[in-house]
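The values are calculated or read from the model by the stated rules, or taken from the named source; none is laboratory data. Everything numeric here is computed off the predicted structure, so don't read it as measured data. Don't worry about glycine lacking a Cβ; one is built from the backbone with ideal geometry, like all the others, and counts go over all protein chains shown. SASA here: full protein model, heavy atoms, side chains in, ligands and nucleic acids out. Shrake-Rupley method; radii C 1.70, N 1.55, O 1.52, S 1.80 Å.
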Amino acid sequence: MANLGFIGLGVMGSQMVNRLLDKGHAVTGYNRTRAKAQWLIDCGMKWADSPRAVAAAADVTFAMVTNVAALQAIADGPDGLLAGLSPGKVFVDISTVSPAASRALAARVRERGADMLDAPVSGSVITLQEGKLSVMVGGRRETFERVKPLLLDIGPKVTYVGNNGLALSMKIATNLSLAVQMMAFSEGVLLAEKSGIARETAVDVLTHSAIASPMIQYRGPFVLRMPEEAWFDVNMMQKDMLLAMELGRQLNVPLPTTAASNEFLTAARGMGWDKKDFAVVFDVLAQMSGVSK
């Protein structure tokens, strides 16, 4: 049993904590809204009143927040996690942020005698619940080896990709395909539907065809019925697309399908659908095609 901390108990973070508790670990958690974490407290998670208190209480602290601004908010200040770190502790950031921002934070963590890994994940709530999540890790290898057993308790596929920031580059390279695949799937469904094929039939065929990636298999049916709570909303998806395009500019890698798909996310935001799952790009394209929901 390990003494762990977890900051950011959103849809994915809370499920990770639940898995860690099921594995017998002691977990101290913090979230901006305590009410959202009450079910985890009822399951045995200890509550802390600040990121600093979490880091001070744990040997290894995980965090999963939305963006660079949110990461800086939990890291800095008298109640930030940096203030709670001390020699020998490890901070594992699961957030998807820019590689440069992550490397800068890692340097500050090491100034306190602790160490930091970036460990973004690939998968959805369903993937996590089914124990099929994939974890990419960047940082010092000796630190990776130390926390690898804990990461394996979150997901069965854990891959060390290199120095700090590189796991985030790998995650960004992975996530750009999510919106691109969803756009291509939506085009196929609408082409079939306007040809006279029932939408349900088109979805069934495509999700059992050669193009059916795991993401298409679990998100494709959203074009029939969107979930009440977004698994990964438009704003979050667009954040990752913009990270990809910025990295593409820095590395001189053209990303034409990423850029095109990103415009449909912007359109979704313009239509007031920013809090919906990014599969709502289907509805954007449907409106452009003259197809009703």
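Would you rank LEU251, LEU4, LEU285 by solvent-accessible area, highest first, keeping every protein chain in place and using a 1.4 Å probe? Write out the running numbers ahead of the final one.
Working: LEU251 115, LEU4 0, LEU285 25 Å².
Ranked from most to least accessible, the order is LEU251, LEU285, LEU4.
Who wins for biggest fluctuation among GLY272, GLY13, GLY220 in a Gaussian network model of the chain, springs between alpha carbons below 10 Å? Fluctuation is largest for GLY272. The aspartates and glutamates whose alpha-carbon is closer than 14 Å to the alpha-carbon of LYS239, local same-chain residues fewer than 8 away aside, are GLU263, ASP274, ASP277.
For the chain, calculate the relative contact order in percent as a whole number, restricting contacts to Cα pairs under 8 Å that are 6 or more residues apart.
Details: 522 pairs, mean separation 37.0, N = 293.
This gives 13 percent for the chain.
Would you please classify the overall shape of the stretch 192-292 from the alpha carbon gyration tensor, given that a ≥ b ≥ c denote the square roots of the eigenvalues, rounded means a/c under 1.5, and beyond that prolate means a/b larger than b/c while oblate covers the rest? Note, shape of the stretch 192-292 comes out prolate. Just the protein heavy atoms count here, and of the accessible area of the chain at 1.4 Å, carbon and sulfur take up 53 percent.
Test of the criteria: in the stretch 118-200, which GluC sites (Glu not before Pro) are in a DSSP loop and have at most 12 other Cβ atoms within 10 angstrom of their Cβ? Intermediate values should be presented prior to the final figure.
Working: sites: GLU130, GLU142, GLU145, GLU187, GLU193, GLU200; in loops: GLU130.
In loop regions of the stretch 118-200 (DSSP not H, G, I, E or B), the sparsely surrounded GluC sites (Glu not before Pro) are GLU130.
Taking the DSSP beta bridges with both ends in the chain, the antiparallel portion is around 15 percent.
Among the GluC sites (Glu not before Pro) within the stretch 212-293, those in coil by DSSP and having at most 13 neighbouring Cβ atoms inside 10 Å are GLU228, GLU229. This structure gives semi-axes √(5λ) of the Cα gyration tensor in Å, computed directly, and of (i) 32, 23, 17; (ii) 36, 20, 17; (iii) 27, 25, 18 that value is listed as (ii).
Taken as Cα centroids, the stretch 48-66 and the stretch 234-293 sit 33 Å apart, rounded to the nearest whole angstrom. The residues of the chain have, on average, 45 Å² of accessible surface per residue, using a 1.4 Å probe with all protein chains present. How would you classify the stretch 1-156 from its alpha-carbon gyration tensor, with a ≥ b ≥ c the square roots of the eigenvalues: rounded for a/c under 1.5, else prolate if a/b is greater than b/c, otherwise oblate? It comes out rounded by the Cα gyration axes.
At 222 nm, what value in deg cm²/dmol follows for the chain if DSSP H runs of at least 4 each add -39500 (n - 2.57) and the sum is divided by all its residues, to the nearest 500? Rounded to the nearest 500, it is -16000 deg cm²/dmol.
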